[in-house]
Amino acid sequence: MKIQKATRVLVVDDFKSFREWILSRLKTHAQFEIVGEASTGQDAIQMAERLNPDLILLDLGLPDINGIEAGKANIPHPSVGEDSLPVWLC
């Protein structure tokens, strides 16, 4: 039987209470591993480069760089080579 690796997730939202709610929901599922959280687009880009998440849950309305611009940062991921890693905008 093959053991499936947990999806490594970075959660980005400037509203702490919403970010904490998302984190609490994800923590109830073994298939997700929270690798970090951020409240700005710039922090999200830096953390994504450092932490190599499999998925970024990214708020559209961030205070510095909006979620669309932060999501366009072409951050390579080891599992997909030179392609950008998956980003879900919320």
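General observations
- Formal net charge of residues neighbouring R19 (Cβ-Cβ distance under 13 Å; K, R +1; D, E -1): -3
- Cα gyration tensor of the stretch 3-66 - equivalent ellipsoid semi-axes, whole Å, descending: 20, 14, 7
- Net charge, A6 excluded, C-beta distance under 10 Å - Lys, Arg +1, Asp, Glu -1: 0
- Gain on full extension, evaluated as 0.36 nm per residue between D14 and I34 minus their Cα-Cα distance, stands at 5.5 nm.
Taken together, the values in this text are just the output of simple stated rules run on the coordinates, not laboratory data. Please read all numbers here as calculations on a predicted model, not as lab measurements. Ideal geometry is used to build each Cβ from the backbone, glycine not excepted, and the neighbour counts take in all protein chains shown.
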